[in-house]
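J.: One structure, as structure tokens, below. Some questions next.
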Amino acid sequence: MHARESQDEGVVRKVAIASMLGTILEWYDFFLYGFTAALVFGKLFFPTYSALAATLASFGTLAVGFVARPLGGVLFGHFGDRLGRKRMLVITISVMGGSSFLIGVLPGFASIGIAAPVLLTLLRFLQGIGLGGEWGGAVLLAIEHSPARRQGFYGSLVQLGAGIGLALATAILMGSSAFLDQRALVAWGWRIPFLCSIVLLAIGLYIRLKVEETPAFRRMQQSGNVIRMPIVALLRDYPREIACTTALYLGGITVPFYTVWVFLIYYSTAVLHFNRTEVLLGVVLNNVLLLAATLGGGAISDRIGRRAPYLAAVVALALAAFPFFWVAGRGDVGWVWLAMFMFGAPQWLAWGVLPALFAEYFPTNLRYTGISLGSQLATIIGGFVPLFAAATLAKLGTWPVSMLVVACEVLAIFTLIRMKPAPSAAGLSAETA
């Protein structure tokens, strides 16, 4: 019995790691765009605008990806619930990796005029479609292979792809920034990280093609319980669960994430005038260090339940919302690093809990669509955080951003208190026990 259990755990571990490695590329590509939008794209693709208008336009293209993510969640969730998780994950990684490579070879405004920002926006839209369908399938691939007592841990193992992808994207961009002057970075240096996507794409595809479909999905197929139109059934039977997953993802992930890892980079370099390389180094170090928070969140949730660690995370984010910018502006880049940790630690803790928490709210035949749609709807608001912050900064300072964070955390706390797993979704543990 123990030997078989150990063997099964070995299989689950391989599936989770394979899923996580493919996810690294997805998040690497998506995060890289956010950093480059803050540092380069305004000058390259919107050179006829004023500095502020160019920044706002650049962050506007960033937000396009977030508008696209719910569409990707519905599209790939639909086919993922009908045809399988694995097939969709092969497509999503191809869309993401291909779009990022094409951004790396895209000419700027000086070469092709208005076509440059138009094509940039289109490729950003495709990135959003790919990532919108990626996250739900990747975490389900691990969770639906896992024994009930370890679903939180293996779900959080996949989530490491986000922190690693963020650190990797930042490290490559930081290297380009450190060894190139501003003119070279804007002219061609920013392209290097995007071109590297093609290598990561090849590795990710190879790994994902070797992963098997989940036992839970295979049993669903064999039982003939596949739903023809998952989105229709979901909106009819689980509107409350969709709204709740949106609120929890918004407060725990999207708003704090784009406050600290995108807007803070812009704020600390363009407004506080800290050295860009030192700021980016802080992003790398914090995200490597905070991988432990993600794994810890999943592991703790297996022992004491999903709600308590998530609640602790969003309360911490609410308490840090106003001190966050005060700490960042204390006068030394080390304080910026500390501000990153203040927001990063609870955000990545919540990130580790969410896969298992969300999976428990939907049945197998609607689960991919349900967690994808609910989480990606939150990104529409979250994606506009840098745009909102940059637009209000000059006249109002940072307090509107802090207020936005507090409001989203309060919403998440209220939602968590009111939300309970749907009765028809309670079979998750039984499916994988």
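The values are calculated or read from the model by the stated rules, or taken from the named source; none is laboratory data. Source: prediction; values computed, not measured. So basically every Cβ, Gly included, is an ideal-geometry build from the backbone, and we count neighbours across all protein chains shown.
J.: I need the full set of residues from region 140-149 which are surrounded by fewer than 24 Cβ atoms within 10 Å (Cβ to Cβ) and either outside any helix (DSSP H, G or I) or at pLDDT 90 or above (or both), in order please.
T.: Here is the first cut: in region 140-149, the ones surrounded by fewer than 24 Cβ atoms within 10 Å (Cβ to Cβ) are 147-149.
Selection gives P147 alone.
J.: Taking G175 and the conditions (1) under 28 Å from P355 (Cα atoms); (2) over 20 Å from the mean Cα position of the chain (by Cα); (3) in a helix (DSSP H, G or I), which numbered condition does it fall short on, given that it satisfies the others?
T.: (1)
J.: Next question, about the same structure. Would you mind stating whether Y249 is under 20 Å from L185 (Cβ atoms) and either in contact (Cβ under 8 Å) with a residue 60 or more places away in the chain or in a helix (DSSP H, G or I) (or both)? It would help to see each step written out before you state the result.
T.: Numbers: under 20 Å from L185 (Cβ atoms): no; either in contact (Cβ under 8 Å) with a residue 60 or more places away in the chain or in a helix (DSSP H, G or I) (or both): yes.
Criteria not met by Y249.
J.: Here is a follow-up. I'm told T61 meets every condition in (1) surrounded by fewer than 24 Cβ atoms within 10 Å (Cβ to Cβ); (2) closer than 23 Å to I143 by Cβ; (3) of a type outside the set (K, R) except one. Can you identify the failing condition by its number?
T.: Unmet condition: (2).
J.: Tell me which residues, restricted to region 232-254, are touching an Asp or Glu at 6+ places or on another chain (Cβ under 9 Å) and closer than 13 Å to R367 by Cβ. Steps first, answer last, please.
T.: Keep residues of region 232-254 that are touching an Asp or Glu at 6+ places or on another chain (Cβ under 9 Å), which gives 234, 251-252.
Within region 232-254, just L234 meets the criteria.
J.: For region 310-428, which fully contained helices (runs of 4 or more DSSP H) count at least 1 residues that are within 27 Å of L157 (Cα to Cα) and among the hydroxyl-bearing types (S, T, Y)?
T.: Ranges flagged: 364-382, 399-418.
J.: Moving to a separate point now. May I ask you to list the residues in region 111-125 that are surrounded by fewer than 21 Cβ atoms within 10 Å (Cβ to Cβ) and either in contact with a Gly (Cβ under 7 Å, 6 or more places away or on another chain) or touching a residue at least 40 places away in the same chain (Cβ under 8 Å) (or both)?
T.: Within region 111-125, A116, T121, F125 meet the criteria.
J.: Looking only at residues that are modelled with pLDDT under 80 and of a type outside the set (K, R) in region 10-22, which one is surrounded by the fewest Cβ atoms within 10 Å (Cβ to Cβ)?
T.: So, considering only residues that are modelled with pLDDT under 80 and of a type outside the set (K, R), the one surrounded by the fewest Cβ atoms within 10 Å (Cβ to Cβ) is G10.
J.: Only one residue in G137, G128, G132 is modelled with pLDDT of 90 or more and in a helix (DSSP H, G or I), so which one is that?
T.: Details: G128 fails: modelled with pLDDT of 90 or more; G132 fails: modelled with pLDDT of 90 or more.
Result of the check over G137, G128, G132: G137.
J.: When residues of region 178-222 are filtered for being among the polar types (S, T, N, Q) and surrounded by fewer than 23 Cβ atoms within 10 Å (Cβ to Cβ), how many remain?
T.: Step one: filter region 178-222 for residues among the polar types (S, T, N, Q), giving 182, 197, 214, 221-222.
Still in the list and also surrounded by fewer than 23 Cβ atoms within 10 Å (Cβ to Cβ): 182, 221-222.
So the answer is 3.
J.: Oh, and also: Quick check on Y49: is it at pLDDT 80 or above and either of a type in the set (F, W, Y) or crowded, with 23+ Cβ neighbours inside 10 Å (or both)? Talk me through it step by step, then tell me what you get.
T.: Details: at pLDDT 80 or above: no; either of a type in the set (F, W, Y) or crowded, with 23+ Cβ neighbours inside 10 Å (or both): yes.
When the stated conditions are applied, Y49 does not pass them.
J.: Let me ask something else. Find the residue count for region 181-230, including only residues that are under 21 Å from the mean Cα position of the chain (by Cα) and part of a loop (DSSP other than H, G, I, E, B).
T.: Counting residues in region 181-230 that are under 21 Å from the mean Cα position of the chain (by Cα) and part of a loop (DSSP other than H, G, I, E, B) gives 1.
J.: Consider L234 against the criteria (1) surrounded by fewer than 16 Cβ atoms within 10 Å (Cβ to Cβ); (2) over 24 Å from F388 (Cα atoms); (3) over 21 Å from the mean Cα position of the chain (by Cα): it satisfies all of them except one. Which criterion is unmet?
T.: Of (1) surrounded by fewer than 16 Cβ atoms within 10 Å (Cβ to Cβ); (2) over 24 Å from F388 (Cα atoms); (3) over 21 Å from the mean Cα position of the chain (by Cα), only one is false for L234: (1).
J.: OK, next. Report, by residue number, each residue of region 267-279 that is surrounded by fewer than 23 Cβ atoms within 10 Å (Cβ to Cβ) and either touching a Cys at 6+ places or on another chain (Cβ under 6 Å) or in contact (Cβ under 8 Å) with a residue 12 or more places away in the chain (or both). Walk me through how you get there before you give the answer.
T.: Within region 267-279, the subset surrounded by fewer than 23 Cβ atoms within 10 Å (Cβ to Cβ) is 269-278.
If the condition is that a residue be surrounded by fewer than 23 Cβ atoms within 10 Å (Cβ to Cβ) and either touching a Cys at 6+ places or on another chain (Cβ under 6 Å) or in contact (Cβ under 8 Å) with a residue 12 or more places away in the chain (or both), then T269, A270, V271, L272, F274, N275, R276, T277, E278 are the ones that fit.
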